[in-house]
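Visitor: Quick one: structure below, then a few questions.
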Amino acid sequence: MADLSVKICGIDFKNPIIPASGVFGYGHEYEELFPLEKLGGIATKGTTLHRRTGNIAPRIAETPSGMLNSVGLQNPGIDHFIDKELPYLLGKNLVILANIAGSTTEECVQVAEKLENTDVHMIELNISCPNVKHGGAAFGTSCDLAAEVTKQVRKATSKPLIVKLSPNVTSIAEIAKAVESEGADAVSLINTLLGMRININTGRPILHNNVGGLSGPAVFPVAVRMVWQVANAVNIPVIGMGGVSSGKDAIELMMAGASAVQVGAAIFTDPYAPIKIIDEMNEFLDSKNISSVRDIIGSVKPW
Amino acid sequence: MKYKQGNYIILNKSAIAREIYSFEILCPEIAEIASAGQFVHIRAEGFTLRRPISICGIDKNKGTLRIVFEVRGEGTEKISQLNKGDTIDMLAPLGHGFTVNDEFKKVVLIGGGIGTPPMLPLAEIYREKSVVISGFRNAYAVILQDDFKNTGAETILCTDDGSAGIHGFVTQPFEELAKNSGIDAVYACGPMPMLKNISKICKDNNIFCEISLEERMACGIGACLGCACCTVRNDEEYFAHVCKDGPVFNAEEVIW
Ligand SMILES: Cc1cc2nc3c(=O)[nH]c(=O)nc-3n(C[C@H](O)[C@H](O)[C@H](O)COP(=O)(O)O)c2cc1C
């Protein structure tokens, strides 16, 4: 049994596997299949100041080795999260990453302020949702805006602040440096890559929103590359995600520099994916006689 | 909600019409808790998303489920290549099914095309009390008529081109029936325009009506919010999710 525990921004995770924001709701649905306690943490559904209804359906499309989504940040609002969801999750012995978003810097600040007096462990500020017209995609694609929203949210919270980055940029390392300089305690990446599918029989895009975010195994090599570039550019921890569907994928992303790994679309293919990934990581480490998963973080030996 | 995921053995496979397959699957733990109107979420090897397929038969004694599905794209094509003796990966039973009421004396079950299979478990329950109206493109696409007759239900068959049964849509015979009072409930599944018309007829005639909707979905259990459907609940607009709040909705809740 290898030691799978990791520490990020002073917070202890029993293992590095975290269901990604948006695929796991607030945990109830998957709890029917396995105890949440088995997970290192959970990144909760992106939550905004007020309730949002999201985009018109269809919101989901299959793609080669992946999928598109345009859910559009549907969520019940931060007050509901704090009153109805958080107390339950806090009793579950795993790290809660409250994923938050907003249309404006002010909204992000207000949401973070509301979480300040709760026992949530970490805040994951999503500056990269590609699916809403004013959902923060703009923050995530400009160094100045990313720095500004980080700076303001930083002032509003004493909790460890993870900034979730968009891959839809020319240089993700530059954005990472910008948010680090304004006080981000960690970065997580990648959010989805903007994509599109068209039904060639009708000439209509499959998604009603026309475009949506690509995730799943198809994006994995992009995620590995970006995690590696960001890990080399900043001195804060990197939480990696994007297309991870096996323990080997998780190991690879950690070698590239990730201190923990989130799992998204893979859960739709196999609802037990996070649990299997934890077991497979353990098997891999044991087979290589590596005693702690921490030893592989950033251990890639580039040519 | 209770559901399980696992690999289950296909006991029987048959092609019951062009590109339409029927599987009988041994899954006692799922059959035990499944009810009419629910669906199974099937993994198609090599694809990221599972495919939701409605339940067409529940045999709690044998511990089996029956599904009938049409090959519509690459995912369902992959599933259709499974054979008797193979295992099938299912997450099931999912969703909110039909409301069944022992006091109903007469119910009408309406299926359009591949929306017909989920009506069979209801016919098994209501038997002689049910009238099944099913509509298909043409005679080659007709399925399940004997299965319905075997339950004791009265069947009315329609085809778009008149090559079998009544020439026309299911709404025509239904409208006739709806006018003669005495229908306690209508249950329907099929294309949206059909469901919309049936809902209207039921509303006009003050008949309880439940419809089963379809939407592209990912998780299947209400976590990802992918399969949104606009509904009204307690006079408030509510973005329901077909996988968890549905697939069966009261027709009056749905905003068309
Ligand atoms: C249906 C769906 C909904 C998502 N919703 C959110 C969200 O609300 N907030 C967020 O930061 N990321 C959201 N994401 C992005 C994921 O958290 C993750 O960054 C991305 O999917 C890449 O990981 P994957 O390839 O493992 O899915 C969503 C992804 C999917 C598939």
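Visitor: Give me the orientation-averaged projected area of the Cα convex hull of the protein assembly as shown, in nm², one decimal. Please list the in-between numbers first.
Guide: Numbers: hull surface 105.0 nm².
So the Cα hull casts an average projection of 26.3 nm².
Visitor: On average over all directions, what projected area in square nanometres does region B:215-256 have, based on the convex hull of its Cα atoms?
Guide: Dividing the Cα hull surface by four gives the mean projection, 2.8 nm².
Visitor: Please report the antiparallel percentage of DSSP beta bridges with both residues in chain B, rounded to the nearest 5. Write out the running numbers ahead of the final one.
Guide: On the way: 41 of 66 bridges.
For chain B, the DSSP antiparallel bridge percentage is about 60.
Visitor: R0 = 22 Å: FRET efficiency of B:N101 with B:V232, Cβ-based, nearest 0.05?
Guide: The value I calculate is 0.45.
Visitor: Separate question: Calculate, for B:N205 and B:Y140, the FRET efficiency according to 1/(1 + (r/R0)^6) with r their C-beta to C-beta distance and R0 22 Å; round to the nearest 0.05. Don't skip to the end; give the middle numbers.
Guide: Details: r = 33 Å, r/R0 = 1.52.
The value I calculate is 0.10.
Visitor: How long are the semi-axes of the equivalent ellipsoid of region B:98-212, defined as square roots of 5 times the Cα gyration tensor eigenvalues? Whole Å, largest first.
Guide: Values: eigenvalues 79, 53, 29 Å².
Gyration-tensor ellipsoid for region B:98-212: 20, 16, 12 Å.
Visitor: Taking the dipole about the Cα centre of the protein assembly as shown, with the C-beta of Lys and Arg at +1 and of Asp and Glu at -1, give me whichever of A:T44, B:Y187, B:N234 is farthest to the positive side.
Guide: Of the options given, the answer is A:T44.
Visitor: A further question on this structure: For chain A, set up a Gaussian network in which alpha carbons nearer than 10 Å are linked by springs, and say which option among A:V227, A:V238, A:V95 fluctuates the most.
Guide: A:V95
Visitor: Within 10 Å of each Cβ in peptide B:136-145, how many partner chain Cβ atoms are there on average? Round it to a whole number, please.
Guide: Values: counts 0, 0, 0, 0, 0, 0, 0, 0, 0, 0.
The per-residue average across the peptide is 0.
Visitor: Now for a separate question. Given the alpha-carbon gyration tensor of region B:50-97, what are the semi-axes of its equivalent ellipsoid in whole angstrom, ordered largest first, with each equal to the square root of 5 times an eigenvalue?
Guide: Numbers: eigenvalues 74, 42, 18 Å².
After diagonalising the Cα gyration tensor, the semi-axes are 19, 14, 10 Å.
Visitor: Dipole magnitude of region B:73-221 about its Cα centre, charges +1 at Lys/Arg Cβ and -1 at Asp/Glu Cβ only, in debye to the nearest 20?
Guide: Numbers: 13 positive and 20 negative charges, 50 e Å.
With Lys and Arg at +1 and Asp and Glu at -1, about 240 debye.
Visitor: Now for a separate question. Enter the mean number of other protein chain beta carbons within 10 Å of the beta carbon of each residue in A:50-62, as an integer. Don't skip to the end; give the middle numbers.
Guide: On the way: counts 0, 1, 1, 5, 4, 2, 4, 11, 6, 9, 11, 4, 10.
Mean shielding count: 5.
Visitor: Please report, in Å, the Rg and the Dmax of region B:4-94, where both are computed over Cα atoms only.
Guide: For region B:4-94, the Cα radius of gyration and maximum Cα-Cα distance read 11.8, 34 Å.
Visitor: Could I ask something else about it? When you count, for each residue, the other Cβ atoms within 10 Å and take the mean per peptide, how do B:73-81, B:50-58 rank with the highest first?
Guide: In descending order of packing, they fall as B:50-58, B:73-81.
Visitor: What is the distance, in nm, between label points placed 7 Å from the Cα along the Cα-to-Cβ direction at A:E174 and at A:S142?
Guide: Between A:E174 and A:S142, the simple spin-label model gives 1.4 nm.
Visitor: Give the average over all directions of the projected area of the C-alpha convex hull of chain A, one decimal, in nm².
Guide: Details: hull surface 59.9 nm².
That works out to 15.0 nm².
Visitor: Using only alpha carbon pairs under 8 Å that are at least six residues apart, calculate the relative contact order of region B:215-256 and give it in whole percent.
Guide: Details: 55 pairs, mean separation 15.1, N = 42.
Once divided by the residue count of region B:215-256, the mean separation gives 36 percent.
Visitor: Using unit Cβ charges (K, R positive; D, E negative) and no other charged atoms, how large, in debye to the nearest 20, is the dipole of the protein assembly as shown about its Cα centre? All intermediate terms of the calculation are to be shown ahead of the outcome.
Guide: Numbers: 51 positive and 63 negative charges, 138 e Å.
About 660 debye.
Visitor: B:C189: net charge of surrounding residues, Cβ under 12 Å, Lys/Arg +1, Asp/Glu -1, itself excluded?
Guide: Working: positive: none; negative: B:E210, B:E214.
Spelling it out: positives minus negatives among the neighbours equals -2.
Visitor: Which one of A:L90, A:N201, A:S188 is farthest out on the positive end of the charge dipole of region A:6-296, using unit charges on Cβ (Lys, Arg +1; Asp, Glu -1) and the Cα centre as origin?
Guide: A:N201
Visitor: Name the residue farthest towards the positive end of the dipole of region B:98-212 from the options B:L157, B:G111, B:C202, assuming +1 on Cβ of Lys and Arg, -1 on Cβ of Asp and Glu, about the Cα centre.
Guide: After comparing all options, I get B:C202.
Visitor: On to the next question. What is the distance, in nm, between label points placed 7 Å from the Cα along the Cα-to-Cβ direction at B:I255 and at B:I166?
Guide: The modelled label-to-label distance comes out at 3.3 nm.
Visitor: Same structure again: Let me spell out the model: positive unit charges on the Cβ of Lys and Arg, negative unit charges on the Cβ of Asp and Glu, origin at the Cα centre of chain B. What dipole size does that give, in debye rounded to 20?
Guide: Numbers: 26 positive and 33 negative charges, 90 e Å.
In total the dipole reaches around 440 debye.
Visitor: How high is the relative contact order of chain B, in percent, counting Cα pairs under 8 Å that sit 6 or more residues apart?
Guide: On the way: 596 pairs, mean separation 43.4, N = 256.
In percent, rounded to a whole number, it is 17.
Visitor: Calculate for chain A the 222 nm mean residue ellipticity that helices alone would give, adding -39,500 (n - 2.57) per DSSP H run of length 4 or more and normalising by residue count, nearest 500 deg cm²/dmol. Don't skip to the answer; put the middle values down first.
Guide: Working: 10 runs with 92 residues, N = 303.
Calculated from helices alone, the mean residue ellipticity at 222 nm is -8500 deg cm²/dmol.
Visitor: Further question: Quick one: among A:N126, A:N289, A:N191, which has the greatest mean-square fluctuation in a GNM of chain A with alpha-carbon springs under 10 angstrom?
Guide: The residue with the greatest mean-square fluctuation here is A:N289.
Visitor: Run lengths n ≥ 4 of DSSP H only: what is the helix-derived mean residue ellipticity at 222 nm for chain B, with -39500 (n - 2.57) per run over all residues, to the nearest 500? Intermediate results must be reported in sequence, preceding the final value.
Guide: Numbers: 6 runs with 46 residues, N = 256.
Helix contribution divided over all residues of chain B: -4500 deg cm²/dmol.
Visitor: I'd like the FRET efficiency for B:E29 and A:E37, computed as 1/(1 + (r/R0)^6) with the beta carbon distance as r and R0 of 22 Å, rounded to 0.05. Write down the numbers at each step before the final one.
Guide: Working: r = 23 Å, r/R0 = 1.06.
Efficiency at R0 = 22 Å is approximately 0.40.
Visitor: Next question. Quick check: pseudo-label points 7 Å beyond the Cα along Cα→Cβ at A:E116 and A:D286, how many nm apart are they?
Guide: 4.7 nm
Visitor: Please work out whether region A:1-127 counts as rounded, prolate or oblate from its C-alpha gyration tensor, where a ≥ b ≥ c are the square roots of the eigenvalues and a/c under 1.5 means rounded, while otherwise a/b larger than b/c means prolate and anything else oblate?
Guide: oblate
Visitor: Hey, another quick one. Quick one: among B:A164, B:A185, B:A34, which has the greatest mean-square fluctuation in a GNM of chain B with alpha-carbon springs under 10 angstrom?
Guide: In this elastic network of chain B, the residue with the biggest mean-square fluctuation among B:A164, B:A185, B:A34 is B:A164.
Visitor: Further, regarding this structure: Return, in residue-number order, each cysteine of chain B whose C-beta is not under 4.7 Å from any other cysteine's C-beta.
Guide: B:C27, B:C56, B:C158, B:C189, B:C227, B:C229, B:C230, B:C243
Visitor: Another one. Once you list every other residue whose beta carbon is under 9 Å from the beta carbon of B:D89, what net charge do they have if Lys and Arg are +1 and Asp and Glu are -1? Mind dumping the intermediate values first?
Guide: Numbers: positive: B:R43, B:R50; negative: A:D270, B:E45.
Counting the neighbours of B:D89, the net charge comes to 0.
Visitor: Further, regarding this structure: Give the cross-link partners of B:K105 among the lysines, using a straight C-alpha distance below 20 Å as the criterion and excluding same-chain residues fewer than 8 apart.
Guide: Within the straight-line cut-off, B:K105 pairs with B:K129, B:K149, B:K179, B:K203.
Visitor: Over the whole of A:219-228, what's the average partner chain Cβ count within 10 Å per residue? Rounded to a whole number, please.
Guide: 0
Bear in mind that the values in this text are calculations on the coordinates, not laboratory data. Quick caveat, the model's predicted, so the values are computed rather than measured. Using ideal geometry, Cβ is built from the backbone for each residue, glycine included, and neighbour counts are taken over all protein chains shown.
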